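Q: A single structure is presented below for examination.
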Amino acid sequence: MLPTDQGTQITGHAGNNYVYIVRDQKVLVDLKGGGPVVPRADEVAPLGLDASDGYRIGTRDGTACYAFSVPAGTEAPEGMSFTGLRRSFGVLKPDDYAMAVRAVGTLNWDRTCRFCSACGAKLTRLADIFAKQCDGCGFTMFPKISPAVIVAVERGSTLLLARASRFAENLYSVLAGFAEPGESLEDTVRREIGEEVGIEVKNIRYFGSQPWPYPDSLMIGFTAEWASGEIAIDGDEISDARWFTVEDMPLIPDKVSIARALIDEFIRKQAMGDGL
Ligand SMILES: [Zn+2]
């Protein structure tokens with residue numbers, strides 16, 4: 001893990017470093033050159049933003065990247081804008097977008113992990129590892145990451161999609177749920193699918209993963225095949241679930257999500273004829 005450069009300031013390092021300034025989970029981007037880009041330190045430092053205690057979050061093109069938070073209500077400087085991650089997807093370059101996700105996730109953790117969960121005393125950031133330590137009992141708290149599975153279940157030429165009660169009208173997606181203590185991710189897949197739609201699945205295979213910093217999820221995608229049972233929804237968390245063919249797809253999530261990548265992969269396989 002990278003050193004976190006304890007308490008680094010915007011003005012305190014080389015001018016060409018990338019700085020990810022985060023307000024309300026939105027990242028400051030510079031619009032003056034045409035497309036949005038994340039600004040460099042020498043551009044941001046003179047602007048007098050109320051940002052301190054940054055984190056070094058990585059390196060892009062050999063250049064260090066730092067994340068800073070600014071208070072709610074901070075206005076974007078002229079020619080710049082605070083932009084949410086959803087709107088940034090496909091607009092920022094992929095490595096820039098990935099670092100923006102890392103910035104938001106890091107600062108979410110920094111904001112929400114301030115006191116020891118064992119004794120309640122104040123935490124202090126460590127300089128050499130990405131963690132905080134309790135001033136009282138010495139307990140070390142690493143950034144919290146909550147793993148959740150997300151699963152595309154196929155049955156012949158159909159895909160299982162469900163409508164969560166909280167979704168927009170007619171929006172359907174693949175099923176997802178958080179891992180619980182003591183479970184393998186495959187256990188989580190079997191439990192969540194069983195709980196939410198009452199079926200059993202087989203041939204569970206890893207697909208890919210996506211950090212989702214709202215506030216700290218790591219979505220781990222799987223594909224699986226229907227094994228037995230008929231759909232029986234709980235009617236609470238899930239309001240509808242059905243097997244959809246490529247031809248009768250409902251409204252599905254936008255491209256930013258791994259849910260969409262799973263659905264697109266199903267559509268691609270059907271088009272290739274190897275999903276049958
Ligand atoms: Zn403690």
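The values are calculated or read from the model by the stated rules, or taken from the named source; none is laboratory data. Every value quoted in this text rests on a predicted model; they were computed, and no experiment measured them. We place every Cβ from the backbone using ideal geometry, glycine too, and count neighbours over all the protein chains shown. In case anyone asks, the SASA skips ligands and DNA or RNA and just uses the protein heavy atoms, side chains included. Shrake-Rupley method; radii C 1.70, N 1.55, O 1.52, S 1.80 Å.
Q: Test of understanding: among V38, V44, V22, which residue is modelled with pLDDT under 90 and open to solvent by less than 50 Å² (accessible area, probe 1.4 Å)?
A: Numbers: V38 fails: modelled with pLDDT under 90; V22 fails: modelled with pLDDT under 90.
When all the criteria are applied, what remains is V44.
Q: Out of R163, R87, R102, R155, report the one residue that is in the same structural domain as A241 (by TED's automatic domain parsing), open to solvent by 50 Å² or more (accessible area, probe 1.4 Å) and of a type in the set (D, E, K, R).
A: R155
Q: Could you please find all residues in region 31-69 being in contact (Cβ under 8 Å) with a residue 40 or more places away in the chain and farther than 15 Å from D110 by Cβ? Outline the logic, then answer.
A: Initial filter on region 31-69 (in contact (Cβ under 8 Å) with a residue 40 or more places away in the chain): 31-32, 35-39, 51-58, 60, 63-69.
Of everything in region 31-69, those that are in contact (Cβ under 8 Å) with a residue 40 or more places away in the chain and farther than 15 Å from D110 by Cβ turn out to be L31, K32, G35, P36, V37, V38, P39, G58, R60, T63, A64, C65.
Q: What are the residues in region 169-186 that are in a strand (DSSP E or B) and open to solvent by 70 Å² or more (accessible area, probe 1.4 Å), if any? Reasoning before the result, please.
A: First, pick out the residues of region 169-186 that are in a strand (DSSP E or B): 171, 173, 175-178.
Within region 169-186, F178 is the sole residue that qualifies.
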